[in-house]
Amino acid sequence: MSIFNTINTSASGLTAQRLRLDVISENIANVNTTRTEDGGPYRRKEAVLASKEEDSFQSFLRSSINAEKKHQPGVKVSRIVEDQSPFVQKYQPDHPDADENGIVQKPNVNIVTEMTNMISANRSYEANVTSINTAKSMAMKSLEIGR
Amino acid sequence: MRGIFAQPTFQVLEKGIEGSTKRQGVLTNNIANVDTPGFKRSDVTFKGELHKALNKKGLPGEVTHHNHRPIGRQTLSAVHPQKQRDYSTSMREDGNNVDIELETAAMAKNGIYHSTLTQQLNNKFGMLRTVINEGRR
């Protein structure tokens, strides 16, 4: 694997963590949203990460038949899923979206969870930056060979 | 006459640099997948192979066909750093066994290892250059 591929791997990590952060930001921004286009309150979203490398027999077969390039290592966001946990019920009779009992369905966003995930995404981002820097210094060091 | 670059030192240093570059890529992939559920880390092991190739014990098995598996003592040029998946379990809930502390520490060590080898290679070249230049005077 060339040193640039190494940097690409880290870059895929940066992209994935950035997208994770975007999703978390959306959740935090919608912490009190009771009306969405689909109707009902906002549902919490979560990014699902998956490794870019495939281990399956099928992928090995395909790569050996087509002699295509091996899978790029790295990480990708495979999909963004909605959290199906129940909405938070809050008694607030003066709210326009309250039902006949005065209960409002609030989004299933827990701000503590979001903050924790945000810190986690931030730290992972930093770790990827560290590996880019190490790869860079190794590449620069290799350029000094024979000088 | 054996060429001046055919010394085993050059080959060992080359293999070491090759291995550490590959290892960097694998460790980077581990770090990129730190939040991927079910991901298992990989590592590159080549120091043992290098050691075996340098340690001139045992008989080398002759490879005369491309389907032969090398046995016994191997030559340096037959040493190829291989990626190995680590299937050890993790204490994490999501089945991922990447330990970020371990990975960054391994990466720091690998970086130092790589720069040691490059420096050593440069020293060897410097010695050759000295020999060439001094003979000219």
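The values are calculated or read from the model by the stated rules, or taken from the named source; none is laboratory data. This structure is a prediction, so every number in the text was calculated from the model and none was measured. Because the Cβ atoms are built from the backbone with ideal geometry, glycine has one as well, and the counts that use them run over all protein chains shown. Only protein heavy atoms, including side chains, enter the accessible area calculation; ligands, DNA and RNA are left aside. Shrake-Rupley method; radii C 1.70, N 1.55, O 1.52, S 1.80 Å.
Return yes or no: is B:Pro60 in contact (Cβ under 8 Å) with a residue 24 or more places away in the chain, touching a strand residue (DSSP E or B) at 6+ places or on another chain (Cβ under 8 Å) and surrounded by fewer than 18 Cβ atoms within 10 Å (Cβ to Cβ)? In short, no. If you go through segment B:89-137 and pick out every residue that is in a loop (DSSP other than H, G, I, E, B) and either farther than 24 Å from A:Met138 by Cα or open to solvent by less than 30 Å² (accessible area, probe 1.4 Å) (or both), you end up with 11.
Per the listing B:Gly111, B:Gly16, the residue uniquely in contact (Cβ under 8 Å) with a residue 60 or more places away in the chain and more than 9 Å from chain A (Cβ to nearest Cβ) is B:Gly16. Checking the stated criteria, A:Arg147 turns out to be assigned to a loop (DSSP other than H, G, I, E, B) and basic (Lys, Arg). Total residues in segment B:14-25 satisfying the condition of being open to solvent by 10 Å² or more (accessible area, probe 1.4 Å) and of a type outside the set (Ser, Thr, Tyr): the figure is 6.
A quick yes/no check of all residues on (1) open to solvent by 20 Å² or more (accessible area, probe 1.4 Å); (2) more than 10 Å from every other protein chain (Cβ to nearest Cβ):
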| position | (1), (2) |
| --- | --- |
| A:Thr6 | no, no |
| A:Arg18 | yes, yes |
| A:Leu21 | yes, yes |
| A:Ser25 | yes, yes |
| A:Ala29 | yes, yes |
| A:Val48 | yes, no |
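Could you tell me whether segment A:55-70 includes any residue that is touching a Ser or Thr at 6+ places or on another chain (Cβ under 8 Å), at pLDDT below 80, within 14 Å of chain B (Cβ to nearest Cβ) and more than 18 Å from A:Asn110 (Cβ to Cβ)? Scanning segment A:55-70 turns up at least one residue that is touching a Ser or Thr at 6+ places or on another chain (Cβ under 8 Å), at pLDDT below 80, within 14 Å of chain B (Cβ to nearest Cβ) and more than 18 Å from A:Asn110 (Cβ to Cβ). Determine, yes or no, whether A:Asp38 is away from chain B (no Cβ under 14 Å) and under 24 Å from B:Ile31 (Cα atoms). The answer is no for A:Asp38.
Could you list, in sequence order, the residues of segment B:1-46 that are acidic (Asp, Glu) and farther than 23 Å from A:Met138 by Cβ? The one that is acidic (Asp, Glu) and farther than 23 Å from A:Met138 by Cβ: B:Asp35. Collect the residues in segment A:101-129 that are within 22 Å of B:Met107 (Cα to Cα), open to solvent by less than 60 Å² (accessible area, probe 1.4 Å) and of a type in the set (S, T, N, Q), keeping them in residue-number order. Scanning segment A:101-129 gives A:Ser120, A:Ser124, A:Asn128. Answer yes if at least one residue in segment B:35-55 is open to solvent by 60 Å² or more (accessible area, probe 1.4 Å) and under 15 Å from B:Asp86 (Cβ atoms), and no otherwise. Looking for residues that are open to solvent by 60 Å² or more (accessible area, probe 1.4 Å) and under 15 Å from B:Asp86 (Cβ atoms), one finds at least one in segment B:35-55, hence yes. One residue alone among B:Val44, B:Val12 is within 13 Å of the chain's Cα centre (by Cα) and either small (Gly, Ala, Ser) or assigned to a strand (DSSP E or B) (or both), and that residue is B:Val44.
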